[in-house]
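Structure first, commentary second.
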Amino acid sequence: LLLLLLRQQIDQRVHAALAIPGTHEVLSTNGETNNAVLFDGRSGKIRATIPTGTKPDAAAYDPATRTVWIMNAGSGDITVVDPASAKVLATVPVGGSLEMAEADGRGHMFVNIEDKNEVAVLDTRARKTVKRFPLDGCDGPTGIAIEPGTHEILSACGENAVAIVSAPDVRQMAKLPIGKGADGAAYDPVRHFVLVPAGR
């Protein structure tokens with residue numbers, strides 16, 4: 001049913017489908033229509049259509065505030081949504097072409113900024129940007145993942161590499177080669193791996 005619903009929305013350029021923890025609901029972002037859809041993942045029934053900024057792309061869940069953060073690549077801001085009420089709580093300006101984001105579970109959201117080759121750090125309780133740090137030698141970062149034990153961040157770069165940064169002191173620790181066309185990243189807590197899909 002999830003695949004059927006996403007196929008029905010294909011003309012809206014669905015970018016992300018985010019399962020809401022603790023529920024059966026899914027939020028999808030629609031880049032052509034500048035909105036997000038909240039629907040039941042079992043039945044496909046739509047509960048709400050939520051306005052966003054321009055060209056919404058990635059979406060991330062913040063467990064500290066139980067909110068969904070939608071990265072608007074076109075307008076360079078983030079739409080913060082309460083999935084329980086299906087309401088927009090805030091629009092957070094960041095700047096740049098926003099890609100994927102990851103929460104650390106302690107009130108911080110880390111967002112790759114593709115056209116600036118940097119990561120923005122946001123306070124999810126205050127709903128504001130608190131710092132930025134560059135990704136040296138990482139052009140066009142897309143996917144991002146956090147290792148919760150060490151608080152190290154992995155950003156997938158556009159030129160067949162990943163950059164690894166220590167979040168506490170924003171020190172870049174390594175740059176490693178990967179496949180072509182990276183456009184995502186996910187942490188596997190069982191094996192302690194970060195998986196980076198390389199589409200080319």
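Things worth noting here:
- Gain upon complete extension [Val170, Asp188; 0.36 nm per residue less C-alpha separation]: 4.2 nm
- Plainly put, the chain has a radius of gyration that is 0.95 times its Kirkwood radius, both from alpha-carbon atoms, as the Rg/Rh ratio.
- Taken about its Cα centre, the chain carries a charge dipole of roughly 420 debye when the Cβ of each Lys and Arg holds +1 and the Cβ of each Asp and Glu holds -1.
- Surface exposure of the chain, expressed per residue as accessible area with a 1.4 Å probe, stands at 48 Å².
- Added length on full extension, which subtracts the Cα-Cα distance from 0.36 nm per residue, Ser85 to Lys45: 12.8 nm
- Over all other residues within a Cβ to Cβ distance under 14 Å of Glu114, the charged ones net out to -4, with Lys and Arg as +1 and Asp and Glu as -1.
- Cα Rg over Rh - region 141-196, Kirkwood: 0.95
- Rolling a 1.4 angstrom probe over the chain with all protein chains present gives an accessible area of which 52% lies on carbon and sulfur atoms.
- Rg and Dmax [Cα atoms of region 29-96; Å; Rg one decimal, Dmax integer]: 11.5, 37
- Taking the charge dipole of the chain about its Cα centre, with +1 at Lys and Arg Cβ atoms and -1 at Asp and Glu Cβ atoms, the residue from Gly53, Leu89, Pro148 reaching farthest to the positive side is Leu89.
The values are calculated or read from the model by the stated rules, or taken from the named source; none is laboratory data. Please read all numbers here as calculations on a predicted model, not as lab measurements. Heads up, the Cβs are rebuilt from the backbone with ideal geometry, glycines too, and the neighbour counts pull from every protein chain shown. Accessible surface areas use protein heavy atoms only, side chains included; no ligands, DNA or RNA. Shrake-Rupley method; radii C 1.70, N 1.55, O 1.52, S 1.80 Å.
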